[in-house]
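Where a number appears in this text, it was derived from the coordinates with a stated rule and is not lab data. Computed from a predicted model, the values in this text were never measured in an experiment. Here Cβ is always computed from backbone atoms with ideal geometry, including for glycine, and neighbour counts include all displayed protein chains.
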Amino acid sequence: MYAPGRELPPYAFLPGRDPHPTRHPEGHSHGREASPPAYMEAGLWAANEDYLHGVDLYNGGFLWEAHEAWEGVWHASRQDEHQADHVQGLIQCAAACLKILMEQPTGLESLTRLGTEKLERVASEAGNPFMGVDLGSFVVAMRAFASSAPADIEGRPLIVLER
């Protein structure tokens, strides 16, 4: 766990199957008001709890929740092109994996392409690794996973942060 002080939710939300985490009274995060994260420079990623929590959520199979955690980081980093693209690329890769569970192979393909292209551009322009992620390895693994016509998310590439 990269953000040990942050708990994982009791279930991984799947649209159409589970109560919506924030809108439904039985949702795992209903009634919790989260403050939007403040911008932190990309070089301070190891101290960015919201970013790290998103990694933990993604690695734990909480794909919708990872998307939500990273979305706040993405909004906060909009003025930092490389960080914003990096986080948006991770969001798109998490959403691509969620499309497997939703039985939407076209979504898996298109979101993988969009996400990995962003991550590749960040690696090329800002360097690799970026924000602790070996983007080259992750992109190769994500593309291979998506092209294998996965039936579940178990074989998705995990994010291993290099400190």
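Overview of values
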read-out: Net lengthening on full extension, MET102/ARG121 (0.36 nm per residue, minus Cα-Cα); value: 4.0 nm
read-out: Built amide H within the under 5 Å cut-off of PHE130, gap 5+; value: LEU135
read-out: Normalised contact order of segment 80-163, rounded percent, pairs of Cα under 8 Å and 6 or more residues apart; value: 30
read-out: Most mobile of VAL87, VAL140, VAL122 in a GNM of the chain (Cα contacts under 10 Å); value: VAL140
read-out: Cα-projected label distance for ARG6 with ALA144, points at 7 Å along beta-carbon direction, nm; value: 2.8
read-out: Gain upon complete extension [SER110, GLU41; 0.36 nm per residue less C-alpha separation]; value: 21.9 nm
read-out: Most fluctuating residue given options GLY127, GLY16, GLY72, as computed from a GNM of the chain linking Cα atoms under 10 Å; value: GLY16
read-out: Kyte-Doolittle mean at least 1.6, axial Cα span of 24 Å or more - DSSP H helices of the chain; value: none
read-out: Within the chain: Cβ-based charge dipole about Cα centre, in debye rounded to nearest 20 (Lys, Arg +1; Asp, Glu -1); value: 220
read-out: Mean residue ellipticity (222 nm) of the chain, computed from DSSP H runs ≥ 4 via -39,500 (n - 2.57), nearest 500; value: -16500 deg cm²/dmol
read-out: Global size of segment 43-147 as Cα Rg and Dmax, reported in angstrom; value: 12.7, 37
read-out: Residue (of SER35, VAL133, ALA146) at the positive-pole extreme of the chain, dipole from beta-carbon charges; value: ALA146
read-out: For the chain, built as a Gaussian network whose Cα springs stay under 10 Å, the top-fluctuating residue of MET142, MET102, MET131; value: MET102
